[in-house]
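The values are calculated or read from the model by the stated rules, or taken from the named source; none is laboratory data. Treat the numbers as computed from the prediction; the structure is a model and nothing was measured. Virtual Cβ from ideal backbone geometry, glycine too; neighbours counted across all protein chains shown. All accessible areas refer to the heavy atoms of the entire protein, side chains included, with ligands and DNA or RNA removed. Shrake-Rupley method; radii C 1.70, N 1.55, O 1.52, S 1.80 Å.
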Amino acid sequence: PTRVVAELRERVMAGYAAHFDARFHNYATVSQPANYEAYRAFVAGNAFQGSDPVSVYPKAEAHLRRAIAADSGFMAPRIRFLMLSLFMGQFTSRGESAYAWLRGSGRRLLPADDAALRLYHAIGVGDRRAWYDAAVELYRLAPDVPGNGGARVMATGAVGRPREVISFLLDTLGAREVNRRGYWNYLVVAHHELGQYQKATEAYERIPRF
């Protein structure tokens, strides 16, 4: 009984923490951590995202491996590990094997996990159309997850659809992203590709300077 209670307490703590984390709001599409240690390690691994790869990515990898060890059924850190291999320039040596394990594990991935997996794999193998399709699906399934809107914009730009980039930025993301440098950067590029140089200049002038 003591062990069962302890496991239940861990699951409740993990669920409570995930409840306030936008990455896990849609229980039907995103796998949930089974214990608090897995959740904490996953969050710690994500804290290094976008930082200097040489100095901090190995630390991120260590946290993600700790999350996997704490809960082998928690797919998010495994998928994030695939992304990390892309950022570290090691997709061929490590990302492909991680992808093969996820696809061959016999586990049925939840929809958003599956879309994220397809997205990172498509980037790794250079399949822009598959990247776009996965990014569109991922945003549809989990629009509130930080980064999914940006992933959709990047993929749309990669397949050469500047009008769609502009429409998505202005009509869908809008005010939520208005203070982010990337929002205005992508508007500049999209307008420039369409020959809309005045609009590109106006967007450039609104890029936050910090």
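The residue list 17, 22 contains one member that is among the small types (Gly, Ala, Ser), at pLDDT below 75, closer than 27 Å to residue 143 by Cβ and over 16 Å from the mean Cα position of the chain (by Cα), which is 17.
Residues that are surrounded by 13 or more Cβ atoms within 10 Å (Cβ to Cβ) and modelled with pLDDT under 60 do occur in segment 29-36. Within segment 89-135, track down each residue that is of a type in the set (Val, Ile, Thr), touching a helix residue (DSSP H, G or I) at 6+ places or on another chain (Cβ under 6 Å) and at pLDDT below 75. Selection gives nothing. When segment 116-142 is filtered for residues that are small (Gly, Ala, Ser), surrounded by fewer than 22 Cβ atoms within 10 Å (Cβ to Cβ) and either within 10 Å of the chain's Cα centre (by Cα) or part of a helix (DSSP H, G or I) (or both), the ones remaining, listed by number, are 122, 124, 130.
Contact map, segment 134-162: residues that are closer than 16 Å to residue 192 by Cβ paired with residues that are open to solvent by less than 50 Å² (accessible area, probe 1.4 Å) and modelled with pLDDT under 90, Cβ distance under 6 Å, separation 6+ or inter-chain. No pairs are found. Taken as a whole, the condition of being in contact with a Gly (Cβ under 6 Å, 6 or more places away or on another chain) and part of a helix (DSSP H, G or I) does not apply to residue 189. Only a single item in (1) at negative phi; (2) assigned to a helix (DSSP H, G or I); (3) more than 16 Å from the chain's Cα centre (by Cα) is not met by residue 174, and it is number (1).
As a summary of the residue check, residue 154 satisfies the conditions (1) within 18 Å of the chain's Cα centre (by Cα); (2) open to solvent by less than 70 Å² (accessible area, probe 1.4 Å); (3) hydrophobic (A, V, I, L, M, F, W, C) except for the one numbered (2).
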